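Working notes, structure below.
The values are calculated or read from the model by the stated rules, or taken from the named source; none is laboratory data. Fair warning: this is a prediction, and the values are worked out from it, not measured in the lab. Every residue, glycine as well, gets a Cβ built from its backbone with ideal geometry; the counts of neighbours run over all protein chains shown. Side chains included, ligands, DNA and RNA excluded: accessible areas come from the protein's heavy atoms. Shrake-Rupley method; radii C 1.70, N 1.55, O 1.52, S 1.80 Å.
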Amino acid sequence: TLCLSRVWSMYNQLTYYCKRIRKELDNTVDFWLKYSHDTTHGGFFTCIGRDGKVYDELKYVWLQGRQVWMYCRLYRTMERFHKPEILEAAKAGGAFLRKFARVSGGSGGPWKCAFCLTRDGKALKVQRTVFSECFYIMAMDELSRVTGDKDMQLEAEQMMEQVIYWVRVDSSSLGRPQLPGEVPTNSMAVPMMLLCLVQQLTEGRGQEAAQKYGDLASWCVQQILQHIQRDGTAILENVSLEGAELPGCQGRLQNPGHALEAGWFLLQVSGEQQDEELQRTAINKFVELPYQDGWDKEHGGLFYFLDVDGHCPTQLEWNMKLWWPHCEALIAFLMAYNQTKKPQLLERFSQVYEYTFSHFPDAKSGEWFGYLTQEGKVALDFKGGPFKGKNIIAIHEISHNFPLDALKAYAG
């Protein structure tokens, strides 16, 4: 039980954090509204320098989809962003995606989504994965919610069926050759992303939608739980299809940010299902454990990659500090606190918050830097690139998890 003085202290501290996050969200939305819209060809510029100048006109479909989703989400869930210019930007981005992102699989094969487009929408690169399709689904479903366009919702659901087929039945039409030395792998990113899509497609749509994707959601949870390895002492990024540890660097790889992200996805499921066992597993194994293993005791911040046996990871950027694992940690610890009310989870949040908000925001030009050295210095100063996009996605999720009302009620 917390004394009232401690509760009020926590409340005041979180009120300050909330105001800062609100300010960052507003500034970041302004940055992308100002600099990213391509009014000539449609869609959004994604390669944007520190000062807002476009340094490459290529358009990456992951980020096109994320920006459409984010504008719609802000418009739908936060009153101060319920503005015509945000809705119109989302609709324009959605139109660009629908016109250009889908590419024919050829010879009667299924449609895929490109990974990269030219400025005027010509497909430039297609990945042999499902992630471009996943972000396309998120964009179409969220856009259907704010426009009422049932065709978009149907389109999202049809693409979802194709993704499920690729993942669970037959991936051959993705174009990846089956090489004789390849070991089939359960990479945590895949079930985690599908679980995110289930939550997107079922939100607020009643029992019928929940039942439609219920089996898939259960499968995703079980696939994610397979990554708990070494008698519960480590989360590994890649395991065999049977849930066993793989040999070599691939098998020893840890990605603290992914584990934390999976943690709050699992917490969403545990909250919906009132599953206390899943809640404990999510917090103990996917939130606390990767935080403890991944936190840099000397310089602060979360490492990008680790080797579970302490070898140097082969990824050249392994010791860098990236924006997104820290955002995942902030969401995970707040969500964990909301479900358990354990004060130590707020203390973890505070530690991650202090590092994140003292290192990533760019006070001069707006938005956030994405890539820091191990010591916390800016390594890459662009605001958008092939993978780094709108920081508002993470900030929006953080702002929706603040337990201010609960703390104030507790304090009386």
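Which count do you get for residues in the stretch 164-207 that are at pLDDT 95 or above, part of a helix (DSSP H, G or I) and not small (Gly, Ala, Ser)?
Residues meeting the conditions: 18.
Say whether the condition of being of a type in the set (A, V, I, L, M, F, W, C), part of a helix (DSSP H, G or I) and open to solvent by 30 Å² or more (accessible area, probe 1.4 Å) is met by at least one residue in the stretch 136-145.
No, every residue in the stretch 136-145 fails to be of a type in the set (A, V, I, L, M, F, W, C), part of a helix (DSSP H, G or I) and open to solvent by 30 Å² or more (accessible area, probe 1.4 Å).
Among the residues of the stretch 18-47 satisfying the criterion of being of a type in the set (Asp, Glu) and within 25 Å of Phe349 (Cβ to Cβ), which is surrounded by the most Cβ atoms within 10 Å (Cβ to Cβ)?
If we take residues in the stretch 18-47 being of a type in the set (Asp, Glu) and within 25 Å of Phe349 (Cβ to Cβ), then Glu24 is surrounded by the most Cβ atoms within 10 Å (Cβ to Cβ).
Given (1) over 18 Å from the mean Cα position of the chain (by Cα); (2) touching a residue at least 12 places away in the same chain (Cβ under 8 Å); (3) part of a helix (DSSP H, G or I), identify the lone condition not met by Ala210.
The number of the failed condition is (2).
Criterion first (over 20 Å from Lys59 (Cβ atoms), free of Cβ contacts under 8 Å to residues at least 24 places away in the same chain and in a helix (DSSP H, G or I)) does Glu161 satisfy it? Spell out how you get there, then give the answer.
Details: over 20 Å from Lys59 (Cβ atoms): yes; free of Cβ contacts under 8 Å to residues at least 24 places away in the same chain: yes; in a helix (DSSP H, G or I): yes.
It is true that Glu161 is over 20 Å from Lys59 (Cβ atoms), free of Cβ contacts under 8 Å to residues at least 24 places away in the same chain and in a helix (DSSP H, G or I).
So is Met152 outside the structural domain of Glu237 (by TED's automatic domain parsing), of a type in the set (A, V, I, L, M, F, W, C) and in contact (Cβ under 8 Å) with a residue 60 or more places away in the chain or not?
no
Which condition breaks for Leu267 when tested against (1) open to solvent by 30 Å² or more (accessible area, probe 1.4 Å); (2) in contact with a Phe, Trp or Tyr (Cβ under 9 Å, 6 or more places away or on another chain); (3) not aromatic (Phe, Trp, Tyr)?
Every condition holds for Leu267 apart from (1).
Of (1) in contact with a Gly (Cβ under 8 Å, 6 or more places away or on another chain); (2) open to solvent by 40 Å² or more (accessible area, probe 1.4 Å); (3) of a type outside the set (Asp, Glu), Lys83 satisfies all except one. Which?
Just one mismatch for Lys83, condition (1).
Return only the number of the condition from (1) crowded, with 16+ Cβ neighbours inside 10 Å; (2) modelled with pLDDT of 95 or more that Tyr55 does not satisfy.
Going through the list (1) crowded, with 16+ Cβ neighbours inside 10 Å; (2) modelled with pLDDT of 95 or more, Tyr55 breaks only (1).
Answer yes or no: is there a residue in the stretch 343-356 that is open to solvent by less than 30 Å² (accessible area, probe 1.4 Å), at pLDDT below 95 and among the β-branched types (Val, Ile, Thr).
For the stretch 343-356, residues open to solvent by less than 30 Å² (accessible area, probe 1.4 Å), at pLDDT below 95 and among the β-branched types (Val, Ile, Thr): absent.
Is it the case, given these coordinates, that Asn27 is assigned to a helix (DSSP H, G or I), under 14 Å from Trp368 (Cβ atoms) and not acidic (Asp, Glu)? Let's see the steps before the verdict.
Values: assigned to a helix (DSSP H, G or I): yes; under 14 Å from Trp368 (Cβ atoms): yes; not acidic (Asp, Glu): yes.
Yes; evaluated as a whole, the condition is true for this residue.
Can you spot a residue in the stretch 309-326 that is open to solvent by 30 Å² or more (accessible area, probe 1.4 Å), among the β-branched types (Val, Ile, Thr) and not in a helix (DSSP H, G or I)?
Yes: one or more hits.
Suppose the filter is farther than 24 Å from Thr314 by Cα and either open to solvent by less than 10 Å² (accessible area, probe 1.4 Å) or in the same structural domain as Thr129 (by TED's automatic domain parsing) (or both); does Leu236 pass it?
no
Does Gln207 satisfy the criteria of being surrounded by fewer than 13 Cβ atoms within 10 Å (Cβ to Cβ) and of a type in the set (S, T, N, Q)?
In short, yes.
Considering each of Gln13, Gln67 in turn, give the residue that is under 28 Å from Ala363 (Cβ atoms), polar (S, T, N, Q) and either modelled with pLDDT of 95 or more or part of a loop (DSSP other than H, G, I, E, B) (or both).
When all the criteria are applied, what remains is Gln67.
Return the residues of the stretch 291-308 that are assigned to a helix (DSSP H, G or I) and not polar (S, T, N, Q); say none if nothing qualifies.
Tyr291, Asp293, Gly294
What are the residues in the stretch 154-195 that are open to solvent by 30 Å² or more (accessible area, probe 1.4 Å), over 29 Å from Arg252 (Cβ atoms) and touching a Ser or Thr at 6+ places or on another chain (Cβ under 8 Å), if any?
None; the set is empty.
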